[in-house]
Amino acid sequence: MPTDHTAQDEGPSAFAQAATLELLGVSKRYPGQREPAIADLSFSVAAGEVCVLVGPSGSGKTTAMRLINRMIALSGGEILLGGASVLEREPNELRREIGYVIQQIGLFPHQTVAENIATVPRLLGWERSRTAARVDELMALIGMEPDEIGPRYPAQLSGGQRQRVGVARALAADPPLMLMDEPFGAIDPINRARLQDEFLRLQERVRKTVVFVTHDIDEAIKVGDRIAILRQGGELAQYDSPAEILTNPADEFVAEFVGADRALKRLGLATLAEVALVAPNGHEPGTGRVAVSATVRDALSALLAGGGKPLTVVDESGRVAGTVTLELLGGLLGNGALARRQASR
């Protein structure tokens, strides 16, 4: 998970550009509807943070997102991007400066991968050489070979590959804000988990301000720095870090929405690198191995699958970092140490 939310320039690339986002008393009422889609919504997102909007159907998640880039008109309130009102911007110009990724991906089927990624730079009038360099840079960033994948058409890619290209296209003009509406919702579970991991690695590099909509609380916990849980009518039930929401849900609605397995979900927030492992004693206590970067939840799953036998924890170089046991993880949960460590972040 991202830990440093300060947008910093780490080199010649302009990847670090990010902006604060503020929703102030935002409302949306559709003609003919008795109740507003959003009544009075306020929250702020720091530059470089991932804010996840989650809630039941009809809670206004996608409506709130579409208000930000003026795909639909505000009924009341104010939205500030980088301290400036979005209402002061011409809508099409504003949208070119906000990256947008949707579940259906929306790649142009008649254009190559490279042409799709270059869409917004072309609209902004970038020189061809600058656009080509940016396309190559982004394809490398998402793990695709420009010469091999760039000339292909979307139909020649897998669903996961198309989604990665959609993210690259959204990043092409280096926007200060990214909107992601159920971006991985149509992907199978295995590739969805991989895309989530790739997104987190990418966010470590680009440090964009991101508003991410999902219906999946597990996805929200995994990718979000902050989570906004919405009730019907766009009412904000709780806005906080994943650890705080899991440890201290604001009310019964939040507790029920997050689920009865909150303690187990908390295990997905910490990695074995944060755990005081049993010191290595020169030999492996069991046949299983687990990476130090694995979550505590994944380690617990592996322990149970292996019949409770201790696992050897190894670092990226394969060196033994220690041992993890069921007793060790049970102790962390029992004394609340893991929850306190997460809440203190």
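The values are calculated or read from the model by the stated rules, or taken from the named source; none is laboratory data. Since we're looking at a predicted model, the values are computed, not measured. Heads up, the Cβs are rebuilt from the backbone with ideal geometry, glycines too, and the neighbour counts pull from every protein chain shown. Accessible surface is based on the protein model in full, side chains and every heavy atom, while ligands, DNA and RNA are left aside. Shrake-Rupley method; radii C 1.70, N 1.55, O 1.52, S 1.80 Å.
Things to note:
- Considering residues of segment 169-186 that are over 22 Å from ALA46 (Cα atoms) and under 15 Å from the mean Cα position of the chain (by Cα) only, the residue surrounded by the fewest Cβ atoms within 10 Å (Cβ to Cβ): GLY185
- For LEU81, the conditions (1) surrounded by 20 or more Cβ atoms within 10 Å (Cβ to Cβ); (2) over 23 Å from GLU204 (Cα atoms) are fulfilled apart from (2).
- From the options ASP136, ASP147, residue that is open to solvent by 20 Å² or more (accessible area, probe 1.4 Å), of a type in the set (Asp, Glu), without any contact (Cβ under 8 Å) to a residue 40 or more places away in the chain and closer than 19 Å to VAL206 by Cβ: ASP136
Condition check ((1) among the hydrophobic types (A, V, I, L, M, F, W, C); (2) open to solvent by less than 10 Å² (accessible area, probe 1.4 Å)) across all residues:
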site	(1), (2)
VAL54	yes, yes
THR62	no, no
LEU67	yes, yes
MET71	yes, no
ASN92	no, no
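- Close contacts from segment 73-95, counting a first residue that is over 17 Å from LEU179 (Cβ atoms) and a second that is modelled with pLDDT under 95 and assigned to a loop (DSSP other than H, G, I, E, B), with Cβ to Cβ under 6 Å and a gap of 6+ residues or different chains, come to SER75/ARG29.
- Taken together, the criteria exclude ASP188 from residues that are touching a strand residue (DSSP E or B) at 6+ places or on another chain (Cβ under 6 Å) and of a type in the set (D, E, K, R).
- Subset of segment 199-213 [within 25 Å of THR131 (Cα to Cα) and buried (at least 18 other Cβ atoms within 10 Å of the Cβ)]: PHE199, LEU202, GLN203, VAL206, ARG207, LYS208, THR209, VAL210
- Taking each residue of segment 43-62 that is touching a residue at least 60 places away in the same chain (Cβ under 8 Å) and looking for partners that are among the hydroxyl-bearing types (Ser, Thr, Tyr) and in a strand (DSSP E or B) with beta-carbon atoms closer than 7 Å, six or more apart or interchain, yields PHE43/TYR239; VAL45/THR209; ALA47/THR209; GLY48/THR209; GLU49/THR209.
- Some residue of segment 37-50 being surrounded by fewer than 18 Cβ atoms within 10 Å (Cβ to Cβ), assigned to a loop (DSSP other than H, G, I, E, B) and in contact with a His (Cβ under 6 Å, 6 or more places away or on another chain): yes
- Given (1) surrounded by fewer than 20 Cβ atoms within 10 Å (Cβ to Cβ); (2) more than 20 Å from the chain's Cα centre (by Cα), number of the condition ASP216 does not satisfy: (2)
- Residue match in segment 189-197 (condition: farther than 26 Å from ILE68 by Cβ, in a loop (DSSP other than H, G, I, E, B) and open to solvent by 60 Å² or more (accessible area, probe 1.4 Å)): no
- Where a residue in segment 192-214 is free of Cβ contacts under 8 Å to residues at least 40 places away in the same chain and its partner, wherever it lies, is of a type in the set (A, V, I, L, M) and open to solvent by less than 40 Å² (accessible area, probe 1.4 Å), with Cβ under 8 Å and at least six apart: LEU195/ILE187; GLN196/VAL223; PHE199/VAL167; PHE199/VAL223
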